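As structure tokens, the structure follows; a few thoughts come after it.
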Amino acid sequence: MKIIFCHHAQRIKGNPSTQNDDLTNFGVKDAKLQSILLSQLQNVKAIYTSPFYRCFKTAQILNKKLNVPIFKENRFNEFKSIENETWVDLQKRVISAINDIFKKYNDNDVVICITSGVNVGAFFLWNFNLKPNKDLPFIGISSCSPIMFQKSNGNKKELKFWREHNCTNFTSITPTRLELETLLIEKVKEKTEKIKLIENCTTHMEDLETKKLRLCADLLQLIDDLTEYYGISFTKNVKPKNYTNLEIYQNILNKISKLNVKNCKTILKNIYVLILSYIKNLNINIESVEAEKLNVLQKDGSYIKGKFVLAD
């Protein structure tokens, strides 16, 4: 497996510096260049990034060409972002994050990690199986300079994310809370793509009506799981609107890509209305969709309690 360390792009240093520091214009241009170079790699599966804005923005720019899931990872934050943290503590938390990533992917996969430059030493320790130590020197590294580390884990299986009851007979890994947010959002995108697939279907698809019903049920379940994740609620006493299916597809993808903890209530309510509008366009009774959602929930479980599964 290949793990690529990448220091975030050049930032505007605040006085004092904070986790909200933005990138300079040069940093943005540099990240765009790196996105072109990294897009030449095969089998890039994900980007893991510190939630610090300079790191997350770098990840978003790199992902313009890659189009893979972006997972936030608190253990990639700056040194002393945890109170009373020592130099050895930093190394331990970074190595633990790398180990958790390493066991989720197979030998052919590539994962990119966006973090602060001070953390690069821990990546070297991990790669050479060395223990954290207080004498590890600080290693300076330029902004947005990828370094590739490679190690075999012997895994040949693919990482998938399944609903809770489907994981029973497989080796499973519980996602972190930050991973779960991305996984739920990616599931909404995945299901939404099926709206376009059905819309563009020009030939008879077996059990098409059943697939439409299941798709609507899955989308409503994901809204339930995302509202539970964010700890919010909103009134569902709303009416569908007059959108075409293509408009519904485009609007859901646009809104879900902007979802975050600050706007979640508004965004999720808007997506809920779009799903109701899609159900109306399909001439499906909402009670039938709710019944299907309940049946699938009892059989397969929820997404919010889902896990990573290593499967063929």
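The values are calculated or read from the model by the stated rules, or taken from the named source; none is laboratory data. Source: prediction; values computed, not measured. Ideal geometry is used to build each Cβ from the backbone, glycine not excepted, and the neighbour counts take in all protein chains shown. The area values use the complete protein model at the heavy-atom level, side chains included, leaving out ligands, DNA and RNA. Shrake-Rupley method; radii C 1.70, N 1.55, O 1.52, S 1.80 Å.
Of the residues Asn119, Asn43, Thr176, the one whose Cα sits farthest toward the positive end of the charge dipole of the chain, with +1 on the Cβ of Lys and Arg and -1 on the Cβ of Asp and Glu, is Asn119.
This model, with +1 at the C-beta of Lys and Arg and -1 at the C-beta of Asp and Glu, gives the chain a dipole about its Cα centre of some 500 debye. Compared with the alpha-carbon gap, the fully stretched path from Met148 to Ile12 is longer by 46.3 nm at 0.36 nm per residue.
Packing, taken as the mean count of other beta carbons within 10 Å per residue, orders the peptides 257-264, 304-311 from highest to lowest as 304-311, 257-264. Stokes-Einstein diffusion of region 85-223 at 25 °C, 0.890 mPa s viscosity, Kirkwood radius from Cα pairs, rounded to a whole number: 131 µm²/s.
If I build a Gaussian network model for the chain, linking alpha-carbon pairs within less than 10 angstrom, which residue out of Glu186, Glu73, Glu85 has the largest mean-square fluctuation? Fluctuation is largest for Glu85. For region 245-293, the Cα gyration tensor yields ellipsoid semi-axes of 22, 13, 7 Å (square root of five times each eigenvalue, largest first, whole Å).
Its Cα gyration tensor gives region 64-159 an equivalent ellipsoid; the semi-axes, largest first and in whole Å, are 23, 16, 13. Each peptide in 93-106, 288-301, 227-240 was scored by the mean count of other Cβ atoms within 10 Å over its residues; highest first, the order is 93-106, 288-301, 227-240.
Counting only protein heavy atoms and a probe of 1.4 Å, the accessible surface of the chain is 50% carbon and sulfur. Each stretch of four or more DSSP H residues adds -39500 (n - 2.57); spread over every residue of the chain, this sum gives -15000 deg cm²/dmol at 222 nm.
If I model region 1-84 as equal point scatterers sitting on the Cα atoms and use the Debye formula, what is log10 I(q)/I(0) at q = 0.22 Å⁻¹? Log10 I(q)/I(0), no solvent term: -1.07. Listed cross-link partners Lys280/Lys307; Lys103/Lys269; Lys45/Lys280; Lys191/Lys241; Lys29/Lys156; Lys160/Lys212 are compared with a 30 Å cut-off, the Cα-Cα value being larger for Lys280/Lys307; Lys103/Lys269; Lys45/Lys280; Lys29/Lys156. The residues of region 1-104 present an accessible area of 50 Å² per residue when probed at 1.4 Å with all protein chains retained.
Take the Kirkwood radius over Cα pairs of the chain, plug it into Stokes-Einstein at 10 °C and 1.306 mPa s, and you get 75 µm²/s for translational diffusion.
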